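Novice: Encoded as structure tokens, here's the structure I'll be asking about.
The values are calculated or read from the model by the stated rules, or taken from the named source; none is laboratory data. Predicted, not measured: the structure shown is a model, and the values here were computed from it. Counting neighbours? That spans all protein chains shown, and the Cβs are built from the backbone with ideal geometry, glycine included. Just so you know, the surface numbers come from the protein's heavy atoms only, side chains and all, with ligands and any DNA or RNA stripped out. Shrake-Rupley method; radii C 1.70, N 1.55, O 1.52, S 1.80 Å.
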Amino acid sequence: MNKIVVEGGVPISGEITVQGAKNAVLPILAATVLTDSCSIIHNCPRLRDVEKTVQILTDLGCNIKRCGGDIEVDASGMKDCGIDERLMREMRSSIIFLGAILSRCGAAEVGMPGGCPIGLRPIDLHLKALRKMGASICEDHGYLKCECSRLKGCSIHLDFPSVGATENVMLAAVRADGETHITNAAREPEIIDLAGFLNKMGARIRGAGSSMVTIEGVPLLHGAEYAVMPDRIVAETYLIAAMMTGGELVLRAAVPSHMQAVISALAEMGGRIEKSHSGLCIKCHRRPGSIHIIKTMPYPGFPTDAQSPFMALASIADGTSVFVENIFENRFRHVDELVRMGADIKVEGRSAVVRGVRSLCGANVCAEELRGGAALVLAAMAAEGRTEITGTEFIDRGYEDIEGTLSRCGIKIKRVIN
Ligand code: EPZ
């Protein structure tokens, strides 16, 4: 069984160039099937989820060329409109292909999506919106069989500002008949990035990043070249690493305006964060103070994806912090493992009370989902002694070469392949 091994107690020090955003590159790669010409996507992170998405594109009949962080997709040979159930189960974002395939082919047959076990992950908002646009969708034996000769633009109100549902509607609407208005749309930066790529393909999208997005359908789209935004959650994770190890870090390519909620909370806990010509700098040479309460919210509120890394920080802070997880119903899976390392955390429903301890102790722990796994790596860096982390496949879904990145900043971390 593969594991990541960390000898804790070393302050992080150095520079990190933040990888391309997982949650932006996945819908952008799905969008490449909307045209029968070539697109080139730059700054693609080397992640398991990107590999799985490329596998889906290949199975659909697209021709893929990869060179470092660049992925070229030629969708002219796309011959299939179905995605194997096994591949769909590999990750949540596979559902994003539904709108794109429906728009390109007029039909789609995909398995129900998988993803991290952080909650039920329903897709009712996706299906309700696509049905309103004219798609007939039959749910049969774990498959979604969809047909629609021509999607029609309409007004779509999302009961919740779902990131995936907003993206699916955008992908379905760009070539639909007429105009689509999405109200209560998700406002995450990844939505803006997807709209940026689609508009370079010839789409007509206005208002991305606000709660009202308008998409004017066009008959055809063409290939485009686009560079994916930096990953704000990975950047936030490494800022937290500096706070936890009492170190100094410069993040290149990070976009502070994408991370205001987390930067504000880190400053409240004693972090000194400044933007310089070389990037975003953070220093924290004293024990962080606690934070009264963290409530996860849709963007621009505190991101649910930063909740578990931030809880690792709170577990060694001076005082008590409270967390309320409002987005996913099962996103405290990291708590038991942090407690195994000496953290003092009590969970009650969607709330967790974290009483900071002077220090954590190394232990054998297991990652059960992506961001919880990152939290365990952070805790291991701050802990006394050795920590062994299994479940590395979850961490590799979102963090590119995490052990290489951190060891280049002085952390004693390695991956053991068994
Ligand atoms: C995206 O997931 C991200 N994943 C998640 O990041 C992120 O945590 C989440 O947005 C919220 O920001 C990708 O972009 C690939 P949602 P998504 O639809 O689209 C409910 C990570 O660690 N909901 O905004 O699945 C849902 O149950 C991952 O990188 C419905 O009820 O999130 C949840 O409670 C984890 N019905 C809430 O909305 C629906 O049809 C937010 O989900 C859709 C969603």
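Novice: Just give me the residues in the stretch 318-362 being under 15 Å from Ala380 (Cα atoms) and among the small types (Gly, Ala, Ser), in sequence order. Spell out the reasoning first.
Specialist: Restricting attention to the stretch 318-362, the residues satisfying the condition of being under 15 Å from Ala380 (Cα atoms) are 334-343, 357-362.
Result: Gly342, Ala343, Ser359, Gly362.
Novice: So, one more: Of everything in the stretch 328-362 that's within 16 Å of the ligand (Cβ to nearest atom) and in contact (Cβ under 8 Å) with a residue 40 or more places away in the chain, which residue is farthest from Ala241 (Cα to Cα)?
Specialist: Glu329
Novice: For Ser162, indicate whether it is out of contact with any Cys (no Cβ under 6 Å at 6 or more places or on another chain) and buried (at least 20 other Cβ atoms within 10 Å of the Cβ).
Specialist: So Ser162 fits the description; yes.
Novice: Taking the stretch 17-40 only, how many residues are in a strand (DSSP E or B) and buried (at least 24 other Cβ atoms within 10 Å of the Cβ)?
Specialist: Step one: filter the stretch 17-40 for residues in a strand (DSSP E or B), giving 17, 20, 38-40.
From what is left, the residues that are buried (at least 24 other Cβ atoms within 10 Å of the Cβ) are 20, 39.
Count: 2.
Novice: Scanning the stretch 280-297 for residues that are over 20 Å from Arg355 (Cα atoms) and surrounded by fewer than 19 Cβ atoms within 10 Å (Cβ to Cβ), which turns out nearest to the ligand (Cβ to nearest atom)?
Specialist: Ranking the candidates gives Met297 first.
Novice: When Leu249 is evaluated against the numbered criteria (1) over 16 Å from the mean Cα position of the chain (by Cα); (2) open to solvent by less than 10 Å² (accessible area, probe 1.4 Å); (3) without any contact (Cβ under 8 Å) to a residue 60 or more places away in the chain, which criterion, by number, is the only one it fails?
Specialist: (3)
Novice: For the stretch 141-179, enumerate the residues that are hydroxyl-bearing (Ser, Thr, Tyr) and more than 14 Å from Ala107 (Cα to Cα).
Specialist: Quick first cut of the stretch 141-179, residues hydroxyl-bearing (Ser, Thr, Tyr) only: 143, 149, 155, 162, 166.
Scanning the stretch 141-179 gives Ser155, Ser162, Thr166.
Novice: Under 8 Å between Cβ atoms, which residue pairs at least 6 apart in sequence (or on different chains) link something in the stretch 227-238 that is farther than 10 Å from Asp193 by Cα with a partner that is within 13 Å of the ligand (Cβ to nearest atom) and of a type in the set (Ser, Thr, Tyr)?
Specialist: So the pair list comes out as Val234/Tyr399; Thr237/Tyr399.
Novice: In addition: Filter the stretch 86-104 for residues that are farther than 15 Å from Thr58 by Cβ and open to solvent by 60 Å² or more (accessible area, probe 1.4 Å) and give the result.
Specialist: Arg89
Novice: Right, next: Would you say Met244 is buried (at least 17 other Cβ atoms within 10 Å of the Cβ), away from the ligand (no atom under 16 Å from the Cβ) and either free of Cβ contacts under 8 Å to residues at least 12 places away in the same chain or not assigned by TED's automatic domain parsing to the domain that holds Leu378 (or both)?
Specialist: Values: buried (at least 17 other Cβ atoms within 10 Å of the Cβ): yes; away from the ligand (no atom under 16 Å from the Cβ): yes; either free of Cβ contacts under 8 Å to residues at least 12 places away in the same chain or not assigned by TED's automatic domain parsing to the domain that holds Leu378 (or both): no.
Against the criterion (buried (at least 17 other Cβ atoms within 10 Å of the Cβ), away from the ligand (no atom under 16 Å from the Cβ) and either free of Cβ contacts under 8 Å to residues at least 12 places away in the same chain or not assigned by TED's automatic domain parsing to the domain that holds Leu378 (or both)), Met244 does not qualify.
Novice: Output the residues belonging to the stretch 171-189 that are open to solvent by 10 Å² or more (accessible area, probe 1.4 Å), outside any loop (DSSP other than H, G, I, E, B) and either within 16 Å of the ligand (Cβ to nearest atom) or among the β-branched types (Val, Ile, Thr) (or both). Step through it out loud before you land on a result.
Specialist: Just the residues of the stretch 171-189 that are open to solvent by 10 Å² or more (accessible area, probe 1.4 Å), to begin with: 175, 177-179, 181, 183-184, 187-188.
Now restrict to residues that are outside any loop (DSSP other than H, G, I, E, B): 177, 179, 181, 183.
Matches in the stretch 171-189: Thr183 only.
Novice: Please determine whether any residue of the stretch 209-220 is outside any helix (DSSP H, G or I) and in contact with a Ser or Thr (Cβ under 6 Å, 6 or more places away or on another chain). Before you say what the answer is, go through the steps one by one.
Specialist: Of all residues in the stretch 209-220, those outside any helix (DSSP H, G or I) come to 209-220.
Imposing the further condition that a residue be in contact with a Ser or Thr (Cβ under 6 Å, 6 or more places away or on another chain) reduces the set to 212, 215.
Yes, because at least one residue in the stretch 209-220 is outside any helix (DSSP H, G or I) and in contact with a Ser or Thr (Cβ under 6 Å, 6 or more places away or on another chain).
Novice: Give the number of residues within the stretch 378-404 that are within 15 Å of the ligand (Cβ to nearest atom), open to solvent by 10 Å² or more (accessible area, probe 1.4 Å), within 13 Å of Arg415 (Cβ to Cβ) and not in a loop (DSSP other than H, G, I, E, B).
Specialist: The number of residues fulfilling the criteria is 1.
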